[in-house]
Every structure is written in C-alpha cells, then in structure tokens.
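The values are calculated or read from the model by the stated rules, or taken from the named source; none is laboratory data. If you're wondering where the values come from, they're calculated on a predicted model, not measured in any experiment. In this analysis, Cβ positions are derived from the backbone assuming ideal geometry, glycine residues included, and neighbour counts consider all displayed protein chains.
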Amino acid sequence: MTGQNLPKPDFVKNMKLIGHSDQGGRPDGVQVMVNKGYAFVGHMFSKGFSVIDVRDPRQPRAVKYIPAPENTWTIHLQTHGDLLLVINARDMFAAAEFQDERQYYRGSHSEKAVTAKTAPTSERNWTAGLAVYDIANPEEPRRIGFMPIEGGGIHRVWYVGGRWAYVSAMLDGFTDYIFMTVDMTDPTRPKEAGRYWLPGMNTAAGEHPDWAPTRRYGLHHAIVDGDTAYGAWRDGGLVMMDVSDRTAPKLIAHRNWSPPFGGGTHNCLPLPDRQLMVVLDEAVLDNCEDGIKYTWMFDIREPTNPVSIATFPTPSEADYPNKGGHFGPHNIHENRPDSMVSSDTIFATYQNAGIRVFDIGNAHRPEEVAAFVPPAPNRLVDHRPNRPKVIQSCDVWVSADGLIYCTDFNGGLYILEYRG
C-alpha cells in the first residue's frame, strides 16, 4: 500500500508515513524485528508469525506466514544474524479465563490457568518453550531447535547474539513468570542455565507471596547490558540482577512504586553511557481503569540505588483517556545493537495515542518531539468481546538509518520517517 492509498493519520507531528502493510491479511501484530531487510512480526490473534519484505519500505510485501502450534502464542520474537528465536506459550487471549481482559493483568497466573493443579500436563493443549529458526534465507525460516519447559510457556526473549539468551518463563511451581538464562552455544539445543525469582514466587518450595492477591508479580522481560539484567516485573516494578554468573543470577536492587502508581512495569532500557535508564509502565486496562501510566527516567549511577528523576510528558492533544481501549505506554525501542542505538532519542508506543518520540538530552526534562497517531483500523482482528475499534499501537523498532517500524493489535505494520 503506497502513495495516495496510505492511511491518513488522526494526528502527526514531525513524522511521515512512507509505507503500510496488512501483513498478508493478518494485520494484528505484537513484536517486530527487522533483519536483512525483512520484518518479522508476531501475531496476537492470527496464531503465528509473518515475514514481510521491507527492502523497499514504501512497498512492503508479505512473503511468509508460519502458523503457531495449536492453542499457542508466538507473539514475541528476536532476530540476530541468521537466528530467529520465537516464544511458545499458552494463547491466553483465546482462553475462557481471560476473555475479560482484567483477569489477565490481575493476580497470579498460576492461580488461574497454567499450574498443574488446574491444568494437569496430560490435559495441556498448548506448546511451551523456545523455538529457534535458521533465517539465512529470511523468506523461508527453518526451525532447527526447541527448548521445552513445563508450564505456561515463555513470554518474551532478549537475544543479541552470542552464547546467552534471556527469557521470562512461566514454570510449574511458580506464581508467575520468572527470569531464566538460556545457553545458546548449540542453537539446535538451547538449554536452561540459571534462574532468578522474587522471594515468594516459588510456591513449590514452600514460599508465600507477601503482595496482595490482586497484584501481578511476574517478569515481563529483562534487557541485559554487560553483566546486569534490567527486569520489568509488572506490578513488582524494577528488578536489577547481576548475571556475571549466568548459572546463578542474583539481586542488585528491587524498586517498586506501585502503589501509589498503577504498576504494569514493561520495559527497563539502560543507557549505560549516561548512567541512566528509561522505565516504562504499561497501560493495561480500557479507559484508564488502571490509572494514567508513565514512562520514567532513572539515574543509575549507583546500581544498588536507582533513583527516579523525571517522567515523560503524557500525550494531551486529544481526549485519549476517553477514546476507548488502552491509553498510555506500551513498548519502547530497545537500542538493540543491530538497530538504532541512541541515548538521546526515545521511541515509544502509547496505544490509542500512537507512536511518540522524545528528546531526553536533558534527562530531568524529557520533551515530546514527534508523534504519529494512525486512524482507526479497517476491522477488528481482536476476537475478544466488546473490544473498541480504535488504534492500539503495540511495538516499535527503529533501523540504524532512522526508519520506524510499528505494529498494531489490528491495524497492520506502519513504516515511518522521523522528521525532527
């Protein structure tokens, strides 16, 4: 879709839409990675992942769809070199327990749908683990390895090449997702190396949570820089871990600002050259039922005492809290080494408020410098009841030459130029 056929944005500032794709008729997208001129997109509702040729970003072309195993999510993925890592987990949004979205974000998952008590192994009908594909030919991903786990599955991965990958894993005997290191020495046989969890999560070992049962203490994922893992622990906040020994991660610092703030910590992006970190709390419920969420700036000069020094401005040029769906942060461009790496410019998705770009040259006063709000999607792929037909910008990935790739729950893949 190019030229005059491009969707007309609801709002735009210092950005230009240059390409759009419905991803081969599967316009729902979660995580996006671009490798060798191809975008790899995990689908939320279309049960698999797609490959889109974006070598000409003005004319993206869907070239391959890989279906997920039955009843399984493959929503998150990572690429580096000739490898693609794809999560396998229970398709939560297809489960009866989670048709009311509130139930997905409130309380322990092991109390609901994925423990041995409520879903014995013999009755499980999903695939749980980490799949590895060879993408030397990006148009024909070839599965070469799989690491199975016992439990709900893996939610998200951090992998930037080399020996180690890092995942959030829902395992039997734990209340929710924990941190796990994965040895990728042989990509055809990835294997667990080490684990870390917050005290209280290992119920199989007799631990008991000391947080309220309505709180969801589970690792979304961690970004690893050097020997430090920066974990976003949903309602548990920020968890920094020492991974100098990958077989025995240990705690550096745990900070939680919820309550009074609404929780849902989703990304923790270190900016090591400035001794800063950007931390994003995900807005997870419709119509701001979970409150206004923020993107935070932390000073991490002293790793054992990370300190919040600023919040990013909240979009306000329209009445987003009453637009419908989720309003507020969801994802952030994570400075992968094969993409744009910037300690001054932050790219984020704000769901019904689209894509936002921030200048953090002054870390104490982040400023919004660009925005793009796509129009309402043509149709809803989201099959859950009573979903509003509004944009829900999901993930963002930025190339080294500054092209912005953004997914949506229903609206397809948007390719943008930043004009700031």
I'd like the full set of residues that are among the aliphatic types (A, V, I, L, M) and either touching a His at 6+ places or on another chain (Cβ under 8 Å) or surrounded by fewer than 21 Cβ atoms within 10 Å (Cβ to Cβ) (or both), limited to region 33-65. A62, V63
For region 167-194, give me each residue that is under 21 Å from the mean Cα position of the chain (by Cα) and either of a type in the set (F, W, Y) or loosely packed, with under 14 Cβ neighbours inside 10 Å (or both). Y177, F179
When the residues of region 94-120 are filtered to those that are of a type in the set (S, T, N, Q) and in a loop (DSSP other than H, G, I, E, B), which remaining residue is modelled with the highest pLDDT? S108
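In region 1-49, how many residues are small (G, A, S), within 20 Å of F409 (Cβ to Cβ) and outside any strand (DSSP E or B)?
Within region 1-49, the first condition is being small (G, A, S), and the residues that meet it are 3, 19, 21, 24-25, 29, 37, 39, 42, 46, 48.
Among the residues that remain, those that are also within 20 Å of F409 (Cβ to Cβ) are: 19, 21, 24-25, 29, 39, 42, 46, 48.
Within this subset, residues satisfying the condition of being outside any strand (DSSP E or B) are 24-25, 29, 46.
Of the residues in region 1-49, 4 are small (G, A, S), within 20 Å of F409 (Cβ to Cβ) and outside any strand (DSSP E or B).
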Can you say whether P315 is in a loop (DSSP other than H, G, I, E, B) and exposed (fewer than 14 other Cβ atoms within 10 Å of the Cβ), as far as the supplied structure shows? no
What about N378, is it among the polar types (S, T, N, Q) and in contact (Cβ under 8 Å) with a residue 24 or more places away in the chain? yes
Filtering region 134-177 down to residues that are closer than 27 Å to P270 by Cα and among the small types (G, A, S) yields G153, G161, G162, A165, S168, A169
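Looking only at region 385-393, decide whether some residue is over 18 Å from the mean Cα position of the chain (by Cα) and free of Cβ contacts under 8 Å to residues at least 12 places away in the same chain.
For region 385-393, residues over 18 Å from the mean Cα position of the chain (by Cα) and free of Cβ contacts under 8 Å to residues at least 12 places away in the same chain: present.
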Per-region count, region 200-232, residues part of a loop (DSSP other than H, G, I, E, B) and touching a residue at least 24 places away in the same chain (Cβ under 8 Å): 9
Only one residue in P377, P337 is in contact with a Gly (Cβ under 9 Å, 6 or more places away or on another chain), loosely packed, with under 14 Cβ neighbours inside 10 Å and not hydrophobic (A, V, I, L, M, F, W, C). Which one? P337
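Being surrounded by 19 or more Cβ atoms within 10 Å (Cβ to Cβ) and either at pLDDT below 75 or out of contact with any His (no Cβ under 8 Å at 6 or more places or on another chain) (or both): is that true of V86 here? Give the steps one after another, and end with the answer.
Numbers: surrounded by 19 or more Cβ atoms within 10 Å (Cβ to Cβ): yes; either at pLDDT below 75 or out of contact with any His (no Cβ under 8 Å at 6 or more places or on another chain) (or both): no.
The answer is no for V86.
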Residue pairs qualifying under the 8 Å Cβ cut-off, at least six apart or on distinct chains, with the first in region 5-25 being within 12 Å of P57 (Cα to Cα) and the second being part of a strand (DSSP E or B) and charged (D, E, K, R), are I18/E417; S21/R61
Residues to consider are V278, V284; find the one that is part of a strand (DSSP E or B), surrounded by 18 or more Cβ atoms within 10 Å (Cβ to Cβ) and of a type outside the set (F, W, Y). V278
If I go through region 127-166 residue by residue, how many of them are surrounded by 16 or more Cβ atoms within 10 Å (Cβ to Cβ), under 22 Å from the mean Cα position of the chain (by Cα) and of a type in the set (G, A, S)? 7
Please determine, by comparing only the residues of region 320-373 that are assigned to a loop (DSSP other than H, G, I, E, B) and hydroxyl-bearing (S, T, Y), which one is farthest from L17 (Cα to Cα). S343
For W197: the one exception among (1) in contact with a strand residue (DSSP E or B) (Cβ under 6 Å, 6 or more places away or on another chain); (2) surrounded by fewer than 22 Cβ atoms within 10 Å (Cβ to Cβ); (3) hydrophobic (A, V, I, L, M, F, W, C); (4) without any contact (Cβ under 8 Å) to a residue 24 or more places away in the chain: (2)
Selection count where residues are part of a loop (DSSP other than H, G, I, E, B), within 24 Å of R336 (Cα to Cα) and more than 16 Å from the chain's Cα centre (by Cα), scope region 67-93: 2
Check whether at least one residue in region 47-59 is modelled with pLDDT under 95, among the hydrophobic types (A, V, I, L, M, F, W, C) and more than 28 Å from A128 (Cα to Cα), and report yes or no. no
Between a first residue in region 53-74 that is farther than 28 Å from R124 by Cβ and a second residue that is polar (S, T, N, Q) and modelled with pLDDT under 95, which pairs have beta carbons less than 7 Å apart while being 6 or more apart in sequence or on different chains? R58/T2; Q59/T2
Could you tell me whether any residue of region 203-217 is under 29 Å from T314 (Cβ atoms), out of contact with any helix residue (DSSP H, G or I) (no Cβ under 7 Å at 6 or more places or on another chain) and surrounded by 24 or more Cβ atoms within 10 Å (Cβ to Cβ)? yes
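For region 300-312, give me each residue that is in contact (Cβ under 8 Å) with a residue 12 or more places away in the chain and either part of a loop (DSSP other than H, G, I, E, B) or within 21 Å of A229 (Cβ to Cβ) (or both). Spell out how you get there, then give the answer.
To start, the set of residues in region 300-312 that are in contact (Cβ under 8 Å) with a residue 12 or more places away in the chain comprises 300-301, 303-306, 308-312.
Scanning region 300-312 gives I300, R301, P303, T304, N305, P306, S308, F312.
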